[in-house]
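Written out below as structure tokens is the structure these notes cover.
The values are calculated or read from the model by the stated rules, or taken from the named source; none is laboratory data. Given the structure is predicted, the values throughout are model-derived calculations rather than measurements. Every residue, glycine as well, gets a Cβ built from its backbone with ideal geometry; the counts of neighbours run over all protein chains shown.
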Amino acid sequence: MENVLTLIAGTASLGHSVVAAARDALASAGARTGDAAWLAAGCACDIPFDEVPPFEAAAGVRDALDGQPIDLVAQPVDGRRKKLLVADMESTIIDNEMIDELAAELGLADRIADLTARTLRGELDFAESLIERVRVLEGLDAAAVEKLRANIKVNPGAVELVATMRANGAFCALVSGGFTVYSEYVRELVGFDHDQANQLEIVDGKLTGRVVKPILDRLAKQTCLLRLAKDLAISPGSAVAVGDGANDLAMVLAAGLGVAYHGKPILAETAAMRIDHGDLTALLYAQGYGEQEIVGRTVSGPVSK
């Protein structure tokens with residue numbers, strides 16, 4: 001069959017009754033379905049189907065399963081496994097928003113956190129918001145910036161996602177609107193091939209309150225994905241992109257599989273796949289990886305629970 005629906009458990013086990021309800025929803029939409037195939041018992045399941053477009057199929061199943069902690073994606077079988085991963089860093093690969101933690105060092109956490117939240121919702125221009133937020137950090141010791149790397153918490157499934165895709169020949173890039181002092185650390189910690197982020201200006205061991213230009217914003221993230229695809233001699237359709245906020249919208253739309261990870265509405269309502277309940281291994285199940293194919297790896301830093 002041409003298409004596949006993948007069901008992925010979030011906070012509860014995925015049971016046969018849920019799989020049956022999804023197949024019934026597909027049939028009600030006019031789809032012809034094949035036998036369900038388990039990628040991981042009680043966790044992830046594929047249902048092949050055709051005669052209904054994937055977007056329509058996903059919408060119908062989502063409505064049928066409303067209220068259940070199940071993530072899902074419907075897509076063509078052809079090209080399902082991706083050759084490029086482009087991931088946002090903060091609130092996606094890691095649980096932190098590092099600029100908020102920097103502001104907390106100056107007792108300005110509430111003020112900056114509100115600006116960050118509004119930016120992620122798409123209410124503020126990213127570049128202008130970043131300039132304003134970094135301005136209040138003027139005078140902060142560079143040592144304090146580096147010290148906060150110890151606070152970084154890697155989100156569940158991030159290490160497995162990167163390790164598994166790399167083991168299968170994919171290139172993995174971390175593309176952040178945050179700062180290189182953290183993206184370089186997370187690249188090494190999680191195992192990415194590449195990182196790209198903004199650079200804080202430091203003079204005489206202190207932050208100047210300025211960002212070194214050009215500023216990496218939503219269009220720069222999309223540009224990075226397109227450049228990496230070209231370098232790898234693949235189409236953007238062979239990429240999976242994942243993020244959580246408005247700044248990730250352009251790159252998510254440019255990818256063959258665009259994913260909103262516990263995303264803000266502006267992204268979750270647009271992305272082909274939304275992970276509302278599970279962890280980042282959902283991106284592996286979405287690509288058809290079975291439980292036995294997922295590569296585990298121990299990291300030296302703390303992992304978010």
(Q) Can you confirm whether residue 111 is surrounded by 16 or more Cβ atoms within 10 Å (Cβ to Cβ), basic (Lys, Arg), more than 23 Å from the chain's Cα centre (by Cα) and farther than 24 Å from residue 277 by Cα? (A) no
Residue pairs within 8 Å by beta carbon, gap of at least six or interchain, first lying in the range 14-32 and more than 17 Å from residue 67 (Cα to Cα) and touching a residue at least 24 places away in the same chain (Cβ under 8 Å), second assigned to a helix (DSSP H, G or I) and of a type in the set (S, T, N, Q), listed first then second, are none
Acidic (Asp, Glu), at pLDDT below 85 and either touching a helix residue (DSSP H, G or I) at 6+ places or on another chain (Cβ under 9 Å) or assigned by TED's automatic domain parsing to the domain that holds residue 206 (or both), is that true of residue 110? yes
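Every residue, every condition in (1) touching a Lys or Arg at 6+ places or on another chain (Cβ under 7 Å); (2) within 21 Å of residue 75 (Cβ to Cβ); (3) of a type in the set (A, V, I, L, M, F, W, C), yes or no:
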residue: 175; (1), (2), (3): yes, no, yes
residue: 192; (1), (2), (3): no, no, yes
residue: 197; (1), (2), (3): no, no, yes
residue: 223; (1), (2), (3): no, no, no
residue: 238; (1), (2), (3): yes, yes, no
residue: 245; (1), (2), (3): yes, no, no
residue: 251; (1), (2), (3): yes, yes, yes
residue: 256; (1), (2), (3): yes, yes, no
Among the residues of the range 72-85, the number that are under 22 Å from residue 58 (Cβ atoms) and either free of Cβ contacts under 8 Å to residues at least 40 places away in the same chain or buried (at least 20 other Cβ atoms within 10 Å of the Cβ) (or both) is 6
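Just to be sure before I move on: is residue 187 charged (D, E, K, R), within 18 Å of the chain's Cα centre (by Cα) and not in a strand (DSSP E or B) in the structure I sent?
Working: charged (D, E, K, R): yes; within 18 Å of the chain's Cα centre (by Cα): yes; not in a strand (DSSP E or B): yes.
For residue 187, the condition - charged (D, E, K, R), within 18 Å of the chain's Cα centre (by Cα) and not in a strand (DSSP E or B) - is met.
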Of the residues in the range 217-238, those that are touching a helix residue (DSSP H, G or I) at 6+ places or on another chain (Cβ under 8 Å) and closer than 13 Å to residue 176 by Cα come to 217, 218, 219, 221, 222, 224, 225
